[in-house]
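The values are calculated or read from the model by the stated rules, or taken from the named source; none is laboratory data. Everything quoted here is computed from the prediction, not taken from an experiment. No Cβ is skipped: glycine too gets one built from the backbone with ideal geometry, and neighbour counts run over all protein chains shown. Remember, those area values only see protein heavy atoms, side chains included, never the ligands or the DNA or RNA. Shrake-Rupley method; radii C 1.70, N 1.55, O 1.52, S 1.80 Å.
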Amino acid sequence: MIKNDYKRNVCVRGPDAFSEVKITDPKSYAAGREGIAAAMKHSFKEMGVVRAMTTLVHMNQKEGFDCPSCAWPDPEKPSKIGEYCENGAKALADEATTSHIGAKYFEEHSVEELSLRSDYELNALGRLTEPLVLKEGSIHYMPISWEDAFTLIADELHNLNSPDEAIFYTSGRSSNEAAFLYGLFARAFGTNNLPDCSNMCHESSGVALSETLGIGKGSVKLEDLYGAEVIIVAGQNPGTNHPRMLSALEKCKENGGSIISINPLEEAGLVNFKNPQSLKGLMGSGEKITDLHLAVNINQDIPLLKLILKKLAALDKAGCNVFDHDFIDKYTSGAEALLADLDTYIDEELLELSGVSIESVDTAVRLLANKQKIIICWAMGLTQHKNGVETIREYVNLLLLKGAIGKPFSGTCPVRGHSNVQGDRSVGIMHYVDKAFNERIETHLGFKPPEIEGVDVVGAMQAMHEGNAKIFMALGGNFLMAASDTDYTAEAMQKCRLTVQVSTKLNRSHLVTGKTALILPTYGRSEKENMSDDRFVTVENSMGRVRRSKGVLKPTSEHLKSEPELIASLADTYFKGKHVVDWKALGSDYSKIREMIDKVAKGFKNTELRAKGVGYYLPNNVRELDFSKLPGGKAQITINRLPEHNLEADEYMLMTIRSHDQFNTTIYGMDDRYRGVYNERRIVFMNPEDMAKNSLEKLDVVNLSSTYDSTTRTAYNFKVLPYKIPKGSLAAYFPETNVLVPYNHFADRSQTPISKSIRVRILK
Ligand SMILES: Nc1nc2c(c(=O)[nH]1)N[C@H]1C(S)=C(S)[C@@H](COP(=O)(O)OP(=O)(O)OC[C@H]3O[C@@H](n4cnc5c(=O)[nH]c(N)nc54)[C@H](O)[C@@H]3O)O[C@H]1N2
Ligand SMILES: Nc1nc2c(c(=O)[nH]1)N[C@H]1C(S)=C(S)[C@@H](COP(=O)(O)OP(=O)(O)OC[C@H]3O[C@@H](n4cnc5c(=O)[nH]c(N)nc54)[C@H](O)[C@@H]3O)O[C@H]1N2
Ligand code: SF4
Ligand SMILES: [Mo]
């Protein structure tokens, strides 16, 4: 018997699921009519026409539910016609699909058989409908009652030698209410082992921004983008991952602003945008979005920035009033040291490293020199490198020298991924110890949280692998496929005594499990949790605004439990009713949870009243120009090193990116329309000159290998595609390439895996 057989490398797609790969030229624009058509195709296929159309009208509306896809904010006054994009519609269709699988399906199909299917096929099976258990030694999941499931987990938790042998992971789709309760339970149980998806995502932003500006979040509001003079979009692909951001960039352009994109790839949405909400967008040629594209080499943003800063400093010295000296004197420290350090670099060397032409650097300098209203937006292209924290600090330097912080139309804009990843952190999903937060728990809720720092994602993988953690529970997500080093992570999870997944859809983390495994099915955002009452939850978007979200659809199955409800029941079972917190009461009354959040989480006040409609902003010290918590009470201008790659002659830098048809590990389809790739995901994008050097032809099949600390990892069967990408740089999709990312290589200080700069070889 082979249980949990694990053959990802050969079997990530079903053998006959798709027809031949098709390649076209990349698109020069995003959205437009094709975007609407694609959204509707997915929605109608998954939900049927009526259900799709009647549900979409509630998405991102004041009284409706928050889009379950990305964390891009809704405008203060949402338009009634439709405040969503193609990928928001796809996310809804994926969640609100009418397909589902229950116990019968699992009775007919063993875990081994299911594990041979592709990620696409697993997700396409539909919504999970009832609690299931995979007992030790069994090859089939079978039904279990909720009560028995909670008892099983509670017993296993009681059997541990220490609370730190349990890990409580969170993905960013959970509501504030669920996340708060989950964190509270972990603390009441006795551990800070609260890793979350942001450890793999914007953790580097959090660390860099906390160090320099005193808050781990961005400073701009949506409306600031409309009036900015320059917006830099660095390491981000908004056309696919935050599509409605393009409308904000379009507004900025209409108001006379300029957009600079810094990215190894010229992503479709950044070239040209056909706004599906305007007639011009539907019928015409669309709006040119980017004024200047800087095709930087992978992870060479620091040299590029240093060169730009050097040139700005020279202009400033020559009396051109480039830097805001009053701002620098009053609010910052470190400017002189940075300027002196910049002098130690040679322009030509910086230029060579960046891979960008001198003409385009000069254009960037011209665009920035006498502007003050500057916003920098970024995402994974900056965070997932060894020097992710330093890269972001270098971008912050530019804003601080320009005085473009804490003022209207300027500031930092780390664009968050999951729809509530920021809220989850705000309400206490963190592995580190926040003393003030813990003191408030002690004062208001009556117990003392543990004081030892817990594990983050990397720490969790290692703890399980080394046998130091024995129970893994996940509130959403797909830890196995999202984390780095898939084989290592698989071994880690298989060493656990118990793995528990609170999920909406089937994924590989349900199939590569601990000795015993549980699937606990839950509601999606769009579902009305309890048909008889007026329950709602709250979420926080990328710009720190809290709003309510209330589902409208009849739930997929009557056997689901809401996340808060099931956490409360688990806690009640574990404590057997003997704990200072009245867990039972919390599961059915979310306003009671919100009262606790208001007391314990910083800035949440009277959530009950103020979370109506589009909501309210949490406090943000940068918006108040208050840097009192930082050394000397000043924002910190920092000196950051150049990256060190030490590539061998035959090595390339690989970035692992998202296609247009996926949400992280959820594969909606096999196309990446904007990049002109259809029916295939095992693609490696390569510069044609690099291909010639390796005697490679279009669609030749290669393996990719990475060697770190003398261990070689391999990802098999990738088709090579000639593409406009800098020489020496490669791109391929995640999660298929996660097998190449070594578990023990991550960003300094944030421990974010190096998913965007992996040293690889191409093997024919
Ligand atoms: N439809 C859809 N929406 C999503 C997601 C999804 O999977 N699908 N995921 C959500 C989540 S969790 C997140 S975190 C976000 C992710 O949003 P993004 O960060 O936009 O996602 P990636 O595909 O990882 O794209 C990273 C971009 O960075 C560029 N890049 C890579 N390396 C470098 C570098 O060294 N320097 C620079 N300047 N650029 C670089 C790549 O070319 C690519 O354009 O999207 C969220 N929204
Ligand atoms: N190589 C590489 N690896 C990466 C990245 C990369 O760019 N490159 N990006 C990283 C990033 S930015 C992130 S955020 C992580 C993502 O890591 P995760 O958040 O762990 O992964 P997701 O794919 O978003 O999780 C999808 C699963 O969540 C469950 N789900 C969906 N909606 C709900 C819900 O409402 N409630 C519950 N309980 N479950 C739900 C479904 O079962 C679905 O299968 O991956 C990281 N991994
Ligand atoms: S931009 Fe993001 S949050 Fe807005 S509708 Fe699109 S996917 Fe949803
Ligand atoms: Mo993310």
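The table for this structure:
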quantity	calculated
Matching residues in the range 129-159 - criterion: being open to solvent by 20 Å² or more (accessible area, probe 1.4 Å), among the hydrophobic types (A, V, I, L, M, F, W, C) and not in a strand (DSSP E or B)	Ile139, Ile144, Trp146, Leu152
Residues of the range 433-472 satisfying the condition of being crowded, with 17+ Cβ neighbours inside 10 Å, touching a Lys or Arg at 6+ places or on another chain (Cβ under 9 Å) and assigned to a loop (DSSP other than H, G, I, E, B)	Pro449, Pro450, Ala469, Lys470
Qualifying residues in the range 536-567 (those that are farther than 18 Å from Ser419 by Cβ and out of contact with any Ser or Thr (no Cβ under 8 Å at 6 or more places or on another chain)) - the one most open to solvent (accessible area, probe 1.4 Å)	Glu558
Residue in the range 232-240 that is more than 16 Å from ligand 4 (Cβ to nearest atom), of a type outside the set (A, V, I, L, M, F, W, C) and in the same structural domain as Val396 (by TED's automatic domain parsing) present	yes
Criterion (under 21 Å from the mean Cα position of the chain (by Cα) and among the small types (Gly, Ala, Ser)) met by exactly one of Ala71, Ala52	Ala71
Among the residues listed as Tyr678, Tyr743, the single one being in contact with a strand residue (DSSP E or B) (Cβ under 9 Å, 6 or more places away or on another chain) and surrounded by fewer than 20 Cβ atoms within 10 Å (Cβ to Cβ)	Tyr678
The range 220-239, subset among the small types (Gly, Ala, Ser) and in contact with a helix residue (DSSP H, G or I) (Cβ under 7 Å, 6 or more places away or on another chain), residue surrounded by the fewest Cβ atoms within 10 Å (Cβ to Cβ)	Ala234
Residue within the range 507-523 that is of a type in the set (Gly, Ala, Ser) and within 16 Å of ligand 2 (Cβ to nearest atom) present	yes
The range 370-400, residues that are under 19 Å from Ser258 (Cα atoms) and in contact with an Asp or Glu (Cβ under 8 Å, 6 or more places away or on another chain)	Lys371, Gln372, Lys373, Ile374, Ile375, Tyr395
Near pairs, Cβ below 6 angstrom, 6+ apart or cross-chain, from the range 507-523 (closer than 14 Å to Ile567 by Cα) to any residue that is within 8 Å of ligand 2 (Cβ to nearest atom) and open to solvent by 10 Å² or more (accessible area, probe 1.4 Å)	Thr522/Glu563
Failed criterion for Ala585 (all others in (1) over 21 Å from Asp66 (Cα atoms); (2) open to solvent by 20 Å² or more (accessible area, probe 1.4 Å); (3) in contact (Cβ under 8 Å) with a residue 24 or more places away in the chain; (4) of a type in the set (A, V, I, L, M, F, W, C) hold)	(3)
Tabulated pairs, the range 201-222, first part of a helix (DSSP H, G or I) and modelled with pLDDT under 95, second surrounded by fewer than 24 Cβ atoms within 10 Å (Cβ to Cβ) and charged (D, E, K, R), C-beta under 7 angstrom, 6+ apart or interchain	none
Sole exception among (1) modelled with pLDDT under 90; (2) part of a loop (DSSP other than H, G, I, E, B); (3) crowded, with 24+ Cβ neighbours inside 10 Å for Ile298, by number	(1)
Odd one out for Leu445 among (1) more than 16 Å from ligand 1 (Cβ to nearest atom); (2) touching a Phe, Trp or Tyr at 6+ places or on another chain (Cβ under 9 Å)	(2)
Search result, residues across the range 481-506 that are within 16 Å of ligand 4 (Cβ to nearest atom) and either over 20 Å from Gln751 (Cα atoms) or open to solvent by less than 10 Å² (accessible area, probe 1.4 Å) (or both)	Met481, Ala483, Ser484
Candidate set: the range 183-233, residues that are within 20 Å of the chain's Cα centre (by Cα) and of a type in the set (Ser, Thr, Tyr); chosen: the one farthest from ligand 3 (Cβ to nearest atom)	Ser210
So Gly206, is it more than 17 Å from Leu400 (Cβ to Cβ), among the small types (Gly, Ala, Ser) and open to solvent by 10 Å² or more (accessible area, probe 1.4 Å)	yes
Test: residue in the range 403-411 that is on the phi < 0 side of the Ramachandran plot and surrounded by fewer than 24 Cβ atoms within 10 Å (Cβ to Cβ)	yes
Residue count, the range 385-429 (criterion: within 16 Å of ligand 4 (Cβ to nearest atom) and among the aliphatic types (A, V, I, L, M))	4
Matching helices (runs of 4 or more DSSP H) fully within the range 374-428 where at least 1 residues are outside the structural domain of Ala248 (by TED's automatic domain parsing) and farther than 29 Å from Lys317 by Cα	421-426
Residue ID - modelled with the lowest pLDDT, chosen from residues in the range 66-94 that are of a type in the set (Asp, Glu) and open to solvent by 10 Å² or more (accessible area, probe 1.4 Å)	Glu76
Any pair with Cβ under 6 angstrom, 6 or more apart, that starts in the range 72-93 at a residue that is within 16 Å of ligand 2 (Cβ to nearest atom) and ends at one that is at pLDDT 80 or above and among the hydrophobic types (A, V, I, L, M, F, W, C)	Trp72/Met245; Gly88/Cys67; Ala89/Ala39; Ala91/Phe663; Ala93/Met47
Failed item, numbered, when Asp671 is tested on (1) within 16 Å of ligand 1 (Cβ to nearest atom); (2) without any contact (Cβ under 8 Å) to a residue 40 or more places away in the chain; (3) open to solvent by less than 10 Å² (accessible area, probe 1.4 Å)	(3)
Number of positions in the range 160-183 that are open to solvent by less than 20 Å² (accessible area, probe 1.4 Å) and in a helix (DSSP H, G or I)	8
Filter result for the condition that a residue is touching a residue at least 40 places away in the same chain (Cβ under 8 Å) and of a type outside the set (D, E, K, R), over Asn640, Asn606	Asn640
Arg416 within 16 Å of ligand 3 (Cβ to nearest atom) and basic (Lys, Arg)	yes
Residues of the range 107-126 satisfying the condition of being within 15 Å of ligand 2 (Cβ to nearest atom) and out of contact with any helix residue (DSSP H, G or I) (no Cβ under 8 Å at 6 or more places or on another chain)	Arg117, Ser118, Tyr120, Glu121, Ala124, Gly126
Among residues of the range 337-373, those that are buried (at least 19 other Cβ atoms within 10 Å of the Cβ), more than 32 Å from the chain's Cα centre (by Cα) and not in a helix (DSSP H, G or I), counted	0
